[in-house]
Amino acid sequence: MAQINPSWPPYFVSHRYQGLRAGPRLIVTAAVHGNEGCGTLAVRRLMAELEQGALALRAGRLTLVPVSNPLAFQLGQRGGERNLNRHLAPSDAPRDYEDHVANWLCPLLAEHEVLLDLHSFQSQGQAFVFLGPRDNAGELESFALAAQEEALAQRLGVARAVDGWLATYALGVSRRGKAPDGDVRYGVGTTEYMRQQGGWALTLECGQHDDPAAPSVAYQAIVNTLAHLGMLDAPPPAAGPLEVLSLYEVVDKLDDGDRFARDWTSFDPVSRGELIGWRADGSPVTALDDGRVVFPNPRSPSGQEWFYLARASSRF
C-alpha cells in the first residue's frame, strides 16, 4: 500500500446539485493548479447563490469542485508534488500526492458529460478559452464532439479561443525525451482526460493570476455555461465573435541565461523572423511565422517550456 504523508490534506471535496428535470451532467473544476485561485472564488460565489436561492438549478446535474488540488492550494503553488494537469490518469500504485488526487478526480470526471475547467496564467493578458481538436480519428486525440465545444466557447464571454494544445505539448515532450516511458501524451490533463472518457470539455484561462477581474470572468462563464446547457431558467447567451488561434510550436528554456528581448505578454503579435530572445551564448531566438507569443515565462526553469507560438486559424 502506498504511503500517506501525514502533512497532506486528509480529504477531497466536491458539491453536487441535482435538478428536478433531466438534463446534462456538468462538472466545474477550479484550482487544478494551486496558485490559480480565481476559479475557486467563482465556484464559491456560485455555491452561495445556489444555497441562498439567488440562482436555481432547474435541470441536470451540476458538480462543483472549488479546490481540485488541496495540497497545491494549501502551499499556494502550481503543484503539490508535481503538475496535476499533466499525465492525468488513475494509478493502481500512487506514488505522490497528485496520484491520489487523480484516483479521486478521474472517476468523478468520467461520471459527467461536460467539463468547464477554470485556470489563470502568469503573464499579463486577456482571458481566453482552450478548445480541443477538430473532429478526427487520429491516434493522439481522436474526437467527435468539436461542434459542442465550439458552440459553448462562443458563449463563455471571452473573445479569443486557442486550439492545438496536446499536439504542441507532445512535440515538446518528444524533444525533451523526459516523459514516463516516452509517452508523448504526457500533456493529458483534465480536459483531455474528459474527452478520452467520451465527454467534451473547455479550459477557460480567466486572466492573469492576480487580475481582480478574473474571478468575475470565471463566474460569468459558469453561469453562461449553465444557461447554454438549459440548466437554469435563463435565456441562453448569444454567441459572440471569437478570434481563433492554433498553437504550433513550443520553445524550451535551455539555460538559466536564456533571456527575452523584451517583456512579452501573452498574445503579443510577432512577425516571421522577429527577435523574441537570446540564448545564453548570445544566439537569437526568432519567430518561425507571423502570429502570437503565448505563455511567455521569463522565470521558467531550464529544460521546461519558455514560450509557445500560435498563428491564426480558419476554424470558425
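The values are calculated or read from the model by the stated rules, or taken from the named source; none is laboratory data. Since we're looking at a predicted model, the values are computed, not measured. Cβ sites come from the backbone with ideal geometry, for glycine too, and all protein chains shown count toward neighbours. All accessible areas refer to the heavy atoms of the entire protein, side chains included, with ligands and DNA or RNA removed. Shrake-Rupley method; radii C 1.70, N 1.55, O 1.52, S 1.80 Å.
Protein heavy-atom accessible surface, 1.4 Å probe, per residue over the chain: 44 Å². Applying both filters, DSSP loop and at most 12 other Cβ atoms within 10 Å, to the GluC sites (Glu not before Pro) of segment 73-170 gives 139. Beta bridges assigned by DSSP with both partners in the chain are antiparallel in approximately 55 percent of cases. Take every pair of alpha-carbon atoms less than 8 Å apart whose residues are at least six positions apart; their mean separation over the length of the chain yields a relative contact order of 18 percent. Loop-located chymotrypsin sites (Phe, Trp or Tyr not before Pro) in segment 8-87 (DSSP state other than H, G, I, E, B) with a sparse environment of at most 16 neighbouring Cβ atoms within 10 Å: 11, 12. Computed packing ranks the peptides 268-275, 251-258, 64-71 as 64-71, 251-258, 268-275, most packed first, by mean other Cβ atoms within 10 Å. Can you compute the modelled spin-label distance between residue 278 and residue 52, with each label point 7 Å from Cα toward Cβ, in nm? Taking the two extended label points, one gets 5.5 nm.
Dividing the mean sequence gap of close Cα pairs (under 8 Å, 6+ apart) by how many residues segment 64-132 holds gives a relative contact order of 21 percent. Taking the charge dipole of the chain about its Cα centre, with +1 at Lys and Arg Cβ atoms and -1 at Asp and Glu Cβ atoms, the residue from 65, 102, 130 reaching farthest to the positive side is 65. Rounded to the nearest 20, the size of the Cβ-charge dipole of the chain about its Cα centre is 460 debye, with Lys and Arg at +1 and Asp and Glu at -1.
Working from Cα pairs under 8 Å separated by at least six residues, relative contact order for segment 176-316 is 20 percent.
Pop the C-beta distance of residue 233 and residue 159 into the FRET formula with R0 = 30 Å and round what comes out to the nearest 0.05. With a Förster radius of 30 Å, E is 0.65. Between the beta carbons of residue 75 and residue 140, assuming R0 = 35 Å, the FRET efficiency works out to 0.60 to the nearest 0.05. Could you tell me the calculated FRET efficiency between residue 213 and residue 93, based on Cβ-Cβ distance and R0 = 35 angstrom, to the nearest 0.05? Given R0 = 35 Å and the Cβ-Cβ separation, E is 0.25.
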